[in-house]
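The values are calculated or read from the model by the stated rules, or taken from the named source; none is laboratory data. These numbers were taken from a predicted model, which means no experiment stands behind them. All Cβ positions, glycine included, derive from the backbone under ideal geometry; neighbour counts span all protein chains shown. Just so you know, the surface numbers come from the protein's heavy atoms only, side chains and all, with ligands and any DNA or RNA stripped out. Shrake-Rupley method; radii C 1.70, N 1.55, O 1.52, S 1.80 Å.
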Amino acid sequence: MPASGKAATVPAWGAVIAMALCATILIASEFMPVSLLTSIARDLAITEGHAGQSISVSGFFALITSLFISAIIGVSDRRRVVLIFTALMLVSGVMVAFAPNAPLLMAGRALLGVAIGGFWSISAAIVMRLVPEDSVSKALALLNGGNAAATTLGAPIGSLLGSLIGWRGAFFCVVPLAAIAFAWQWRSLPTMPPEKATIRARDVFALLKHRQFAIGMIAVSLFFFGQFTLFTYLRPFLDLVTGNDAPLISGMLLALGVAGFVGTIVIGWLLKSQLYSLLIAIPAMMAVIAVTLVEIDGTPLKVGLLLTLWGLLATAAPVGWWTWLSKTMPHEAEAGGGLMVAIIQLAIMLGAIVGGALFDAWGYRGPFSFAAGLLMIASLLAVVTSRIGAAPSLIEQPA
């Protein structure tokens, strides 16, 4: 395997694809419980709200890992670090699939959180070293394409597999895929010593002193908080709407996923001229959908159409916020991106925790209504962010 210190002169597309495969499996694993909550809760004799904490656990450990990974890995070869995170994903899949009780299920999900937070904190920087400079955008698009596909299709695929081979079988499917990703990375990734000194956690948090960035991060956090307060408990809601019709539920989740994939493509055409309009409109429209799901007569057709629109919007929004970050902080994108990953994971964790408590207390109406309020506030904060303007200090950091 070749050594690599900086950007490659010859593109290592095999290694890029291996990284994209790992990203796809990680994100699909993170969101797979969404479509399997009812089965998990029944089998382990816990409530659906308790089962939903399997997402909050992975989010918590991803949050902690993303904040402190630079200090933890220090001067380690980045190739070795990536292989370790991939191996953790494999072990997590085995633990979750064979978990006899809730504590071991949560332990497996905690390992997955470490893998998610660590991998995503360094993945972009690694991909940028695998190809020449003029191919970086294409390589990053490939990496994020795996993320988009997993985010949108993880739930419907999990639902389908769960109906065919049970929730344990669905989770175990991660294991051979993780093994393939590990072997592919072992063969294709070059050695990659660190390029520069590690970023201290306090330096990352110092970015929040900038008003536009700080308000934007609050908007991001409330958006993902609202999104996953609803999305985490979507399966129990669909069970009520469809009368536990597993094939129909899989079809509705698949429509949501396909719409989300389309959304990631469509938003790319609009961001150049409509960035802030999209950041404002998307959470507002999702808030309306959440309220409508609570109030309407929930027939499968009506719910399916609303969720298809939800998928179109929800998966497009993160693309908009990452674009905003690159425009707002072009010279601090790495530090800002690490902080955004941590904030998103915190929001996902809170969505699962708060949503679970609300679901156990008031059924689906609790988390859905709360999500609507959070999304509307996120929209209003996007308005504020659009009117502040980028401060010069955001792009003129002292040496």
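Evaluating Ala150 against the criteria (1) at pLDDT below 90; (2) open to solvent by 40 Å² or more (accessible area, probe 1.4 Å); (3) in a helix (DSSP H, G or I) leaves one unmet condition, (2).
Is it true that some residue in region 117-137 is of a type in the set (A, V, I, L, M, F, W, C), farther than 20 Å from Met192 by Cα and modelled with pLDDT under 90? Explain how you work it out, then say what you get.
If we filter region 117-137 for residues that are of a type in the set (A, V, I, L, M, F, W, C), which is where we start, we get 119-120, 122, 124-128, 130-131, 136.
With farther than 20 Å from Met192 by Cα added as a condition, the list becomes none.
No: zero hits.
For region 38-48, a residue qualifies if it is touching a Leu at 6+ places or on another chain (Cβ under 9 Å) and either charged (D, E, K, R) or crowded, with 24+ Cβ neighbours inside 10 Å (or both), and the qualifying residues are Ile40, Glu48. Here Met128, Met32 are screened, and the one residue that is open to solvent by 50 Å² or more (accessible area, probe 1.4 Å), closer than 23 Å to Thr264 by Cβ, under 21 Å from the mean Cα position of the chain (by Cα) and not small (Gly, Ala, Ser) is Met128. Within region 22-43, the residues that satisfy the criterion of being farther than 15 Å from Phe231 by Cβ and of a type in the set (Gly, Ala, Ser) are Ala23, Ser29, Ser39, Ala41. Scanning region 86-109 for any residue that is surrounded by fewer than 24 Cβ atoms within 10 Å (Cβ to Cβ), polar (S, T, N, Q) and under 21 Å from Cys22 (Cβ atoms) turns up nothing. The lone criterion from (1) more than 17 Å from Ala183 (Cβ to Cβ); (2) open to solvent by 50 Å² or more (accessible area, probe 1.4 Å); (3) modelled with pLDDT of 80 or more; (4) within 21 Å of the chain's Cα centre (by Cα) left unmet by Ser66 is number (2).
Restricting region 355-385 to residues that are without any contact (Cβ under 8 Å) to a residue 60 or more places away in the chain and part of a helix (DSSP H, G or I) leaves a set whose member that is most open to solvent (accessible area, probe 1.4 Å) is Trp362. For region 171-179, check the following and say yes or no: at least one residue is open to solvent by 10 Å² or more (accessible area, probe 1.4 Å), modelled with pLDDT under 80 and outside any helix (DSSP H, G or I). Looking through region 171-179, none of the residues is open to solvent by 10 Å² or more (accessible area, probe 1.4 Å), modelled with pLDDT under 80 and outside any helix (DSSP H, G or I). Within region 69-85, being in a helix (DSSP H, G or I), open to solvent by 50 Å² or more (accessible area, probe 1.4 Å) and modelled with pLDDT under 80 holds for Ala71, Ile72.
Return the total of residues in region 69-99 being of a type in the set (Asp, Glu) and closer than 11 Å to Arg109 by Cα. So that I can check it myself, show each step before the final result.
Filtering region 69-99 down to residues of a type in the set (Asp, Glu) leaves 77.
Add one more test, that the residue is closer than 11 Å to Arg109 by Cα, and what stays is none.
Number satisfying all stated conditions: 0.
Scanning region 30-47 for residues that are assigned to a helix (DSSP H, G or I) and modelled with pLDDT of 80 or more yields a total of 11. Cβ-Cβ contacts under 9 Å between residues 6 or more apart (or on different chains), taken from a first residue in region 92-121 that is part of a loop (DSSP other than H, G, I, E, B) to a second residue that is open to solvent by 10 Å² or more (accessible area, probe 1.4 Å) and of a type in the set (Ser, Thr, Tyr), are absent. Inside region 181-223, residues that are modelled with pLDDT of 85 or more, open to solvent by less than 60 Å² (accessible area, probe 1.4 Å) and more than 17 Å from Met19 (Cβ to Cβ) make up a count of 11.
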